[in-house]
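Data block below; observations after.
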Amino acid sequence: MNISLVSRLGLVIITLAISACATFQTQPVGTGDLGVVIERATGKVAIINTTSPRVLGEVAGLGDLSHASVVFSRDEQFAYVFGRDGGLSKVNLLTRRLEARVMQAGNSIGGAMSQDGRYVVAQNYTPGGIKVFDAGTLALVVDIPAEYAPGKLSRVVGLVDVPTNGQGQRFVFSLFDADEIWIVDVPRSGAPLIQRLQKVGHQPYDALVTPNGRYYIAGLFGEDGLALVDLWAERPQARKILSGYGRGEEALPVYKMPHLRGWAVAGHRAYLPAVGHHEVLVVDTDSWREIARIPVAGQPVFVIARPDGRQVWVNFAVPDYHRVQVIDTQTEKVVRTLEPGKAVLHMEFTPRADQVWISSRDANRVSVIDTSTFETVQMLELEAPSGIFLTTRAARIGF
């Protein structure tokens, strides 16, 4: 065969191959069934697919992820990872690459995404305060120190995004060292507007916002009870609710403080982890009064509602951290106890409630469980997995 012809054929084949690769890479891909799992020991996140449960790839170089959290861009393409070391990392879920990273603090424990998707916000222990970044570039937009007295900065906890009231993108957070809750509006130009709610209760340590964005609730480490703020009020104020919440009538050892962001709200009832007790509290969300307690296997850490509200799933502190229990919200009784692996750290439901993904750190795996049959449909081997975050959080207030 003519050498020139062979060369031309080879060139055609190479060109077609390159064209096919380019077509594959640029073909639109949906993000609604994606998510990330934190691999806390190695500074990596695993990118996962939930429709056909599997790991698609890993992204490394994210720093100290011993206490990490994630928020997503509105289009669900980017995951913003907040690390314990103060690093903020932007991960592209489609290319599976680290696109940007800034060391924005000395100690950071979480963040939020603005309602319009323009800003990503970090909450910081050191130095105390929040920092607002451009979600596209990670350029700093505004730094808001949590200075509650001259020269005194508080650690910030419980940062959530809430719907704007027309003054700017709105965020709410608590000051652990100052006994305060701040409501901050970040306008497109000009200085942020800050409302300081003082003497809300001693040492707010974590917080949540209800799914409709109306009530901000902070747990109090230094006293029994919770602080509640009605964000729909013309002049929001904090008031105490559930005065018996906490260690209650008997001071018991607490092996791990519950995560309030994992509270379950199903219908007109909220299901809360009882601090130090082997119970889940049931609260009426109209009156914010306790109406029942459900005995469980250990000290609850996360109490999470299935998206349809039909079940509540609970995991526990040591020594019961290998167990997960399922509560039926009609009977308010435990209907199943599972043991997916040692050191269950997190649970995350798929959007339509068909699966729950559970991380077992010391077993080095994530279990995917069918919520109707309680059967394990898949197990994924990952190194010291902890937090599981699905892109559907992008459409939820406070997540």
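The values are calculated or read from the model by the stated rules, or taken from the named source; none is laboratory data. Being a predicted model, the structure only gives us computed values, none of them experimental. Every residue, glycine as well, gets a Cβ built from its backbone with ideal geometry; the counts of neighbours run over all protein chains shown.
Based on this model, can you work out whether Tyr271 counts as in a loop (DSSP other than H, G, I, E, B), buried (at least 17 other Cβ atoms within 10 Å of the Cβ) and aromatic (Phe, Trp, Tyr)?
no
Tell me the strands (runs of 3 or more DSSP E) entirely within the stretch 282-378 that contain at least 2 residues that are modelled with pLDDT of 95 or more.
Of the strands (runs of 3 or more DSSP E) lying wholly inside the stretch 282-378, those with at least 2 residues that are modelled with pLDDT of 95 or more span 289-295, 311-316, 324-328, 333-338, 344-349, 355-360, 365-370.
Condition first: part of a loop (DSSP other than H, G, I, E, B) and under 25 Å from the mean Cα position of the chain (by Cα). Now tell me which residues in the stretch 166-186 satisfy that.
Within the stretch 166-186, Gly168, Phe176, Asp177, Ala178, Asp179 meet the criteria.
If you take the residues in the stretch 210-239 that are part of a strand (DSSP E or B) and over 14 Å from Val283 (Cβ atoms), which one is modelled with the lowest pLDDT?
Of the residues in the stretch 210-239, the ones part of a strand (DSSP E or B) are 215-220, 226-230, 238-239.
Now narrow it down to the ones that are over 14 Å from Val283 (Cβ atoms): 216, 218, 220, 227, 229-230, 238-239.
Working: Tyr216: 95, Ala218: 92, Leu220: 88, Ala227: 95, Val229: 97, Asp230: 97, Ala238: 97, Arg239: 96.
Once the filter is applied, the top-ranked residue is Leu220.
Restricting attention to the stretch 240-264, report how many residues are in contact with a strand residue (DSSP E or B) (Cβ under 8 Å, 6 or more places away or on another chain) and at pLDDT below 80.
12
Name the one entry in Gly86, Gly35, Gly57 that is crowded, with 22+ Cβ neighbours inside 10 Å, closer than 26 Å to Ser367 by Cβ and modelled with pLDDT of 95 or more.
Of Gly86, Gly35, Gly57, the one residue that is crowded, with 22+ Cβ neighbours inside 10 Å, closer than 26 Å to Ser367 by Cβ and modelled with pLDDT of 95 or more is Gly35.
Is it fair to say Arg84 is in a loop (DSSP other than H, G, I, E, B), out of contact with any helix residue (DSSP H, G or I) (no Cβ under 8 Å at 6 or more places or on another chain), over 26 Å from Thr210 (Cβ atoms) and not hydroxyl-bearing (Ser, Thr, Tyr)?
yes
Can you pull out the residues in the stretch 365-397 that are out of contact with any strand residue (DSSP E or B) (no Cβ under 8 Å at 6 or more places or on another chain) and not polar (S, T, N, Q)?
Within the stretch 365-397, Ala395, Arg396 qualify.
On the basis of being in contact with a Lys or Arg (Cβ under 9 Å, 6 or more places away or on another chain) and within 24 Å of Thr392 (Cα to Cα), does Gly158 make the cut?
The answer is yes for Gly158.
If I filter the stretch 387-397 down to residues being surrounded by fewer than 22 Cβ atoms within 10 Å (Cβ to Cβ) and either within 16 Å of Val55 (Cβ to Cβ) or of a type in the set (D, E, K, R) (or both), which single residue comes out as modelled with the lowest pLDDT?
By that ranking, first place goes to Arg396.
For the stretch 92-118, which residues satisfy the criterion of being part of a strand (DSSP E or B), out of contact with any Asp or Glu (no Cβ under 7 Å at 6 or more places or on another chain) and surrounded by 18 or more Cβ atoms within 10 Å (Cβ to Cβ)?
Residues satisfying the conditions are Ser108, Ile109, Gly110, Gly111.
Restricting attention to the stretch 334-364, which residues are surrounded by fewer than 18 Cβ atoms within 10 Å (Cβ to Cβ), in contact with a strand residue (DSSP E or B) (Cβ under 8 Å, 6 or more places away or on another chain) and not small (Gly, Ala, Ser)?
Val334, Val335, Arg336, Thr337, Glu339, Lys342, Pro351, Asp354
Could you tell me whether Val366 is of a type in the set (A, V, I, L, M) and over 21 Å from Ala68 (Cβ atoms)?
Criteria not met by Val366.
Limited to the stretch 200-227, what total is found for residues that are of a type outside the set (Phe, Trp, Tyr) and under 20 Å from the mean Cα position of the chain (by Cα)?
Count: 14.
Can you find a residue that is part of a loop (DSSP other than H, G, I, E, B), at pLDDT 90 or above and surrounded by 16 or more Cβ atoms within 10 Å (Cβ to Cβ) anywhere in the stretch 148-163?
Within the stretch 148-163, the first condition is being part of a loop (DSSP other than H, G, I, E, B), and the residues that meet it are 150-151, 154-155, 163.
Applying the additional criterion that residues be at pLDDT 90 or above yields 150-151, 154-155, 163.
Checking the rest, the ones that are also surrounded by 16 or more Cβ atoms within 10 Å (Cβ to Cβ) come to 154-155.
Yes, the stretch 148-163 contains a residue that is part of a loop (DSSP other than H, G, I, E, B), at pLDDT 90 or above and surrounded by 16 or more Cβ atoms within 10 Å (Cβ to Cβ).
Return the residues of the stretch 187-209 that are assigned to a loop (DSSP other than H, G, I, E, B), surrounded by 18 or more Cβ atoms within 10 Å (Cβ to Cβ) and on the phi < 0 side of the Ramachandran plot; say none if nothing qualifies. Break it down stepwise before answering.
Quick first cut of the stretch 187-209, residues assigned to a loop (DSSP other than H, G, I, E, B) only: 187-192, 199-203.
Next cut, surrounded by 18 or more Cβ atoms within 10 Å (Cβ to Cβ) only: 192, 200-201, 203.
Scanning the stretch 187-209 gives Pro192, Val200.
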